[in-house]
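Have a look at the structure below before the remarks.
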Amino acid sequence: MENIAEKLKALSAEELQKMIEEAEKTLEQKQREQREEVKRKIREMAAAVGLEVSFRVKGKTEEAPRASQRRGKVAPKYRHPENPELTWSGRGQMPRWLRELVDAGHDKEAFRIRD
C-alpha cells in the first residue's frame, strides 16, 4: 500500500483528478454489474417457485409506469364560484372547498364548468 501512496504523491493534481474520475466510472460500472447479477439470481429463484419480482430503485419500479403515472393533466371540470383559481378536475379526492359547499347543501353540478 505504501508503494501506491508514493506513486500517487508523484502525480500532478490534474493526473490525480483524471485518475479519480476514471476510478469513479469504473466503480459505478462494477456496482451496476453486481446489482444486475443479484437481480438476475433473484429472478431465477423467484421463477423457480412460480413468482415474479420487480425491484425499486429510489422509489421507482423497473416496470412501465402505473396508470396513475401515465395520465396527463386534465382540464378542470369544477370551479369555485367566488375564487376562479380554485378548480378541480374531478379526479382524486374532492377538494376541501367543494366538499364544504356540498356539505352546506349545494349541488356539486352547480359548480361544473360549462363548455
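The figures follow:
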read-out	value
Percentage of interatomic Cα-Cα distances in the chain larger than 16 Å	78 percent
Kirkwood estimate for segment 16-61, i.e. one over the average of 1/r between Cα atoms, Å	12.6 Å
Per residue solvent-accessible surface (Å²) - the chain, probe of 1.4 Å	89 Å²
Built amide H within the under 5 Å cut-off of Leu86, gap 5+	His80
Extension gain from Arg114 to Leu86, taking 0.36 nm per residue of separation minus the Cα-Cα distance	8.5 nm
Carbon + sulfur, % of accessible area of the chain - ligands and nucleic acids excluded, 1.4 Å	52 percent
Alpha carbon Rg of segment 1-42, scaled by the compact-globule rule 2.2 N^0.38 Å	1.66
Accessible area of Arg99 in the full protein assembly, 1.4 Å probe (Å², nearest 10)	90 Å²
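The values are calculated or read from the model by the stated rules, or taken from the named source; none is laboratory data. Everything numeric in this text was worked out from a predicted model, so none of it was measured. With ligands, DNA and RNA removed, areas are computed over all heavy atoms of the protein, side chains included. Shrake-Rupley method; radii C 1.70, N 1.55, O 1.52, S 1.80 Å.
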